[in-house]
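Encoded as structure tokens, the structure appears first; notes follow it.
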Amino acid sequence: MSNYYQAEVETLPTEELKKIQSEKLVKLVKHVYDNVEYYRKKMDEKGIKPEDVKSVNDLHKLPFLTKADLRDAYPYGLLAKPLTDCVRIQSTSGTTGKRVVVFYTQHDIEIWEQCCARAIMAVGGTKEDVVQVCYGYGLFTGGAGLHGGSHKVGSLTLPMSSGNTERQIQFMMDLGSTIICCTPSYAAYIGETLKEMGYTPDDNKLKAGIFGAEPWTEEMRRDIENSLGIKAYDIYGLTEMCGPGVSFECTEQTGMHINEDFFIPEIIDPDTGEVLPEGSKGELVFTTLDKEAFPLLRYRTRDICVLSRKKCSCGRTFIKMTKPMGRSDDMLIIRGVNVFPSQIETVLLEQGYSPNYRIEVDRANNNDTLDVYVELTSEQFSDTVKDVSIKEKQLAEAVKTMLGIKPNMHLVPPKSIARSEGKAVRVVDKRKLHD
Ligand code: DLL
């Protein structure tokens, strides 16, 4: 028997769900056309009027939105409510040049927290639980989202944020945490630390973990389940939609149910934009249905996955998505932080280094490593070893200021980075992130 936060809507027959989606979509399209110049211009360019959208079947007529649109409209260009009706902003992780800022009204926070409450109850969470939230709190959506969801369920919420692992473990043991929410890599690290401290998986009271914000494999799921003695569940989301909780796994552990009363998913061919039939692998696109301050029509997530409406034993009728299997852009997720290689390049050039560099990402002991190799010019190369190491440290700090994570920086001799005759291969990702 599954736990639902809102049983009625989570088990709605698909036809009824589509009816609700259509009603909400028609209203939304009219609202953004009338109130947001950015949308009006985009729709006019495509020759679409609000009357052309009568149901979800007309969704494909609308133009796509991309991260570039969000940056273009930064900060208020896509706002659909007066700023005085907004109560919160959140922002994508660790990015300076490519920051995306999203706004929430009280209602937007309410539906986001409902999404996260559904996710917690789907893994068996109740008001009896002690939920340790060790996603980062702050501009990143992880902490705030799961925190709000846990409150809604009525669980005792431990707002730990990330880091300070010994303290996490002390609270976990002393207060008997039963559900833990963090990135899968942090969960794996907590598991290792517990072992190092001499604990066995039976020593803690944890029963479930809700892990997301970065790619992880089935192998990693098994490792985490064994090291913590729990069931590990996936949760997906992106800042642009609300944050975590756009979709969540139930106890069947076979993909994540999308909260379809709030978000319409589509799968498209990333090259042509053509909508693909259910079961095809392609880029996930979302349209928000309930968001007031920052509604998004046909937003291209760049995440590659497959959708399936196969009946689920949990009784939920919401369509399921597979884990993201990759991205259709060059964004890397390193230790939970979204990183575009161009941001690293910007720092190198600003600091007077050459654009000949190589970024290597790997995973050691379930932890991401980031190494950046930068070629020195012949003038720069005359430095002594000591000078080079000082410069490496300075450059690593500059990258940290930009991204929020510190790389291992290597300044290497002139002409030592292989030149390419075609497209330069600047990023080598050695991690096995997908099964
Ligand atoms: O990562 C929101 C979140 C917080 C989700 C906590 C789950 C838990 P962003 O920082 O905007 O938001 O990053 C969004 O992260 O487009 C995916 O590429 C990736 N991502 C998120 N969840 C998963 C997951 C948050 N479960 C981007 N598996 C998305 C794989 C994920 N990738």
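The values are calculated or read from the model by the stated rules, or taken from the named source; none is laboratory data. If you're wondering where the values come from, they're calculated on a predicted model, not measured in any experiment. Glycine also receives a Cβ, built like all others from the backbone with ideal geometry; neighbour counts cover every protein chain displayed. Heads up: the accessible areas ignore ligands, DNA and RNA and are worked out on the full protein's heavy atoms, side chains in. Shrake-Rupley method; radii C 1.70, N 1.55, O 1.52, S 1.80 Å.
Which one of these does Ser308 not meet: (1) more than 16 Å from the ligand (Cβ to nearest atom); (2) at pLDDT below 95?
Unmet condition: (2).
So, in the range 385-403, of the ones that are open to solvent by 50 Å² or more (accessible area, probe 1.4 Å) and closer than 18 Å to Glu360 by Cα, which residue ends up farthest from the chain's Cα centre (by Cα)?
Lys393
Conditions first: (1) modelled with pLDDT under 95; (2) more than 15 Å from the ligand (Cβ to nearest atom). Ile111 passes all but one, so which condition is the exception?
(1)
When you go through Ala187, Ala117, Ala144 one by one, which is the residue that is farther than 23 Å from Arg335 by Cβ, among the hydrophobic types (A, V, I, L, M, F, W, C) and either outside the structural domain of Tyr33 (by TED's automatic domain parsing) or touching a residue at least 12 places away in the same chain (Cβ under 8 Å) (or both)?
Ala117
Of the residues in the range 164-214, how many are part of a helix (DSSP H, G or I), open to solvent by 80 Å² or more (accessible area, probe 1.4 Å) and of a type in the set (S, T, N, Q)?
Adding up the residues that qualify gives 1.
For Leu348, which of the numbered conditions (1) open to solvent by 20 Å² or more (accessible area, probe 1.4 Å); (2) outside the structural domain of Thr66 (by TED's automatic domain parsing); (3) not charged (D, E, K, R) fails to hold?
(1)
Are any residues in the range 1-18 part of a helix (DSSP H, G or I) and in contact with a helix residue (DSSP H, G or I) (Cβ under 9 Å, 6 or more places away or on another chain), and if so, which ones? It would help to see each step written out before you state the result.
The initial filter retains those residues of the range 1-18 that are part of a helix (DSSP H, G or I), namely 7-10, 14-18.
Scanning the range 1-18 gives Val9, Glu10, Leu17, Lys18.
Search the range 208-257 for residues being more than 16 Å from the ligand (Cβ to nearest atom) and in contact with an Asp or Glu (Cβ under 8 Å, 6 or more places away or on another chain), and hand back the single one that is modelled with the highest pLDDT.
By that ranking, first place goes to Gly229.
Could you tell me which of the residues Val101, Val87 is closer than 25 Å to Asn35 by Cβ, free of Cβ contacts under 8 Å to residues at least 24 places away in the same chain and open to solvent by 10 Å² or more (accessible area, probe 1.4 Å)?
On the way: Val101 fails: free of Cβ contacts under 8 Å to residues at least 24 places away in the same chain.
One residue alone meets the criteria, Val87.
Which of the residues belonging to the range 275-318 are open to solvent by 10 Å² or more (accessible area, probe 1.4 Å), in contact with a His (Cβ under 9 Å, 6 or more places away or on another chain) and aliphatic (A, V, I, L, M)?
Passing the criteria: only Val275.
Name, by its number, the condition in (1) open to solvent by 30 Å² or more (accessible area, probe 1.4 Å); (2) near the ligand (Cβ under 10 Å from one of its atoms); (3) within 21 Å of Ala122 (Cβ to Cβ) that does not hold for Asp329.
Condition not satisfied by Asp329: (3).
I'm told Arg40 meets every condition in (1) under 26 Å from the mean Cα position of the chain (by Cα); (2) open to solvent by 20 Å² or more (accessible area, probe 1.4 Å) except one. Can you identify the failing condition by its number?
Only one criterion in (1) under 26 Å from the mean Cα position of the chain (by Cα); (2) open to solvent by 20 Å² or more (accessible area, probe 1.4 Å) is unmet by Arg40, namely (1).
Checking the condition at pLDDT below 95, assigned by TED's automatic domain parsing to the domain that holds Thr317, more than 28 Å from Glu249 (Cβ to Cβ) and of a type in the set (Val, Ile, Thr), which residue from Thr105, Thr92, Thr96, Thr84 passes?
Exactly one of Thr105, Thr92, Thr96, Thr84 is at pLDDT below 95, assigned by TED's automatic domain parsing to the domain that holds Thr317, more than 28 Å from Glu249 (Cβ to Cβ) and of a type in the set (Val, Ile, Thr), namely Thr96.
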